[in-house]
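Read the structure below first, then the notes.
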C-alpha cells in the first residue's frame, strides 16, 4: 500500500532529463491548458498560452537562492532521482489560484505588482493586509517599522508579553 502511495508522488526523473530541471514555461503551460479545458482566458490576458506563461513569470517575485533553486533528491527504494523545484511549484500554484479568482481580485493583484508588492497565493483579506503593511513600512522606513513590529510582538500575550492588543 505505501509503495503505491509513494509511486504516486515520487516519480523518478527520466534518464534524458536528469541533467537539468523541467522548464517553468512547460509547467505553466500544463496549468493553462488544464484551465482552458473548462474555461476561456479573460480577454484582458494574452490569448496565446505561452504568452500567458511568460506574463505570469514576469508578474512573480524573483526566486530567492538557494531556497528556490531546483535540486535533485533520491527517490525512496533506490529508484533514481527526481527534481524538486520550489519556485516552479509556487508559480504553478499561484497561477492556478489566480485564474480561479474573480476579475476584481485579479486586478488588485496586478495593481499591487505594479507597486512591487508580490502575491504569493494568499487569500485576499490577508493579501490586502500585506499591501497595507507594505505601504506603512515604506512610509515609516524599514528600521522604524521593524522596531514598532517588535514592540507589538513583545506586548502580545502569546509571545510572553503582559499587555493584550
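The values are calculated or read from the model by the stated rules, or taken from the named source; none is laboratory data. These figures come from a predicted structure and were not determined experimentally. A quick note on method: Cβ atoms are made from the backbone with ideal geometry, for glycine too, and the neighbour counts reach across all protein chains shown.
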> Quick one: how many residues across the range 101-117 are under 23 Å from residue 29 (Cα atoms) and either touching a helix residue (DSSP H, G or I) at 6+ places or on another chain (Cβ under 8 Å) or surrounded by fewer than 11 Cβ atoms within 10 Å (Cβ to Cβ) (or both)?
Replying inline: 8
>> Considering only residues that are assigned to a loop (DSSP other than H, G, I, E, B) and either touching a helix residue (DSSP H, G or I) at 6+ places or on another chain (Cβ under 7 Å) or more than 19 Å from residue 121 (Cα to Cα) (or both), which ones fall in the range 68-87?
In response: 68, 69, 70, 75, 76, 77, 78, 79, 80
> Of the residues 88, 102, which single one is over 17 Å from the mean Cα position of the chain (by Cα), modelled with pLDDT of 90 or more and outside the structural domain of residue 149 (by TED's automatic domain parsing)?
Replying inline: 102
> What number of residues in the range 118-136 are touching a helix residue (DSSP H, G or I) at 6+ places or on another chain (Cβ under 8 Å), outside any helix (DSSP H, G or I) and either exposed (fewer than 13 other Cβ atoms within 10 Å of the Cβ) or touching a residue at least 12 places away in the same chain (Cβ under 8 Å) (or both)?
Replying inline: 4
>> When you scan the range 35-42, do you find a residue that is part of a helix (DSSP H, G or I) and surrounded by 12 or more Cβ atoms within 10 Å (Cβ to Cβ), even just one?
In response: yes
> Can residue 96 be described as in contact with a helix residue (DSSP H, G or I) (Cβ under 9 Å, 6 or more places away or on another chain) and modelled with pLDDT of 90 or more?
Replying inline: yes
